[in-house]
Amino acid sequence: MIKKIVLACAVLGGSLSAGGFGDKSLIGIEGGYGSMGMERTAPAEATLSSEHNIGNLGLKIGAESGNYRLFLSGRYFNDSDFDYITTYGIEGQYLFNISSSANLFIGINGGMANMKFMIDNESAPRTISDAYYGGDFGLNLHASESIDFELGTRIMDFQFENRKNSISYRFESMVSGYASVIYKFQMD
């Protein structure tokens, strides 16, 4: 799965640059930490709500032109209650140049999320694969012509539900803070 995400990101990043969209090609490595809400509903039981604190690692590849950036991204989230949580998607951002050494950004994101988790007293795992959408905002610090440090906040709205044996698990959104190192280069 991760290999497919990396390959798709590389192909899109190269094609964006070759097609004239990108003044610069971008490759970013990201680490973050966030929180995801979950509700469990079962017959004759009270609804149980919980928050899961989740770390993530990600790769994003894209292009930048003027005040716009476009990324393809893949992320792996780590939580002991899940066998896996992964996302892959696209992000578009608008840059506000506040100085020669930094810019602010605001953007939208969307894609697919995949989850697998096992519940006590159930013989088979539960899986979810569904679309998400959201937004992000943050700050880019230009360390050099070719390196940016990015600090941001991302919101992903899930609205996922998995129902089996009259027991339902619902996931609503994830809010995370992250830091990225972004390498900018010209592609010939």
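Residues in region 108-142 that are within 19 Å of Arg75 (Cβ to Cβ) and among the hydrophobic types (A, V, I, L, M, F, W, C): 8 in all.
Looking at region 22-73 only, could you name the residues that are within 26 Å of Phe149 (Cβ to Cβ), surrounded by fewer than 16 Cβ atoms within 10 Å (Cβ to Cβ) and of a type outside the set (Asp, Glu)? Walk me through how you get there before you give the answer.
First, the residues of region 22-73 that are within 26 Å of Phe149 (Cβ to Cβ): 22-36, 53-73.
Retained after the next criterion (residues that are surrounded by fewer than 16 Cβ atoms within 10 Å (Cβ to Cβ)): 23, 29, 31, 33, 35, 53, 55, 57, 65-67.
Hits for region 22-73 are Ile29, Gly31, Tyr33, Ser35, Asn53, Gly55, Leu57, Ser65, Gly66, Asn67.
So which residues in region 169-188 are farther than 15 Å from Phe77 by Cα and touching a residue at least 60 places away in the same chain (Cβ under 8 Å), if there are any at all? Step through it out loud before you land on a result.
So the first thing to find is which residues in region 169-188 are farther than 15 Å from Phe77 by Cα, and the list is 169-170, 172, 180-188.
If the condition is that a residue be farther than 15 Å from Phe77 by Cα and touching a residue at least 60 places away in the same chain (Cβ under 8 Å), then Tyr169, Arg170, Glu172, Ser180, Val181, Ile182, Tyr183, Lys184, Phe185, Gln186, Met187 are the ones that fit.
Filtering region 78-90 to residues that are assigned to a strand (DSSP E or B) and without any contact (Cβ under 8 Å) to a residue 24 or more places away in the chain leaves only Ile90. Filtering Glu122, Glu145, Glu91 for residues that are acidic (Asp, Glu) and in contact with a strand residue (DSSP E or B) (Cβ under 6 Å, 6 or more places away or on another chain) leaves a single hit, Glu91.
Could you tell me how many of the residues in region 115-150 are under 22 Å from Gly177 (Cβ atoms) and in contact (Cβ under 8 Å) with a residue 12 or more places away in the chain?
Keep residues of region 115-150 that are under 22 Å from Gly177 (Cβ atoms), which gives 115, 132-143, 147-150.
Keeping just the survivors that are in contact (Cβ under 8 Å) with a residue 12 or more places away in the chain gives 115, 132-142, 147-150.
Residues in region 115-150 being under 22 Å from Gly177 (Cβ atoms) and in contact (Cβ under 8 Å) with a residue 12 or more places away in the chain: 16 in total.
Against the list (1) open to solvent by less than 70 Å² (accessible area, probe 1.4 Å); (2) of a type in the set (A, V, I, L, M, F, W, C); (3) more than 14 Å from the chain's Cα centre (by Cα), the condition Phe149 fails is (1). Across region 74-129, the qualifying residues are those that are of a type in the set (Asp, Glu) and modelled with pLDDT under 95, and the one among them that is nearest to Arg170 (Cα to Cα) is Asp81.
The values are calculated or read from the model by the stated rules, or taken from the named source; none is laboratory data. For clarity, every value in this text was computed on a predicted model and none was experimentally measured. Quick reminder, even Gly has a Cβ in these numbers, built from the backbone with ideal geometry, and neighbours come from all protein chains shown. Remember, those area values only see protein heavy atoms, side chains included, never the ligands or the DNA or RNA. Shrake-Rupley method; radii C 1.70, N 1.55, O 1.52, S 1.80 Å.
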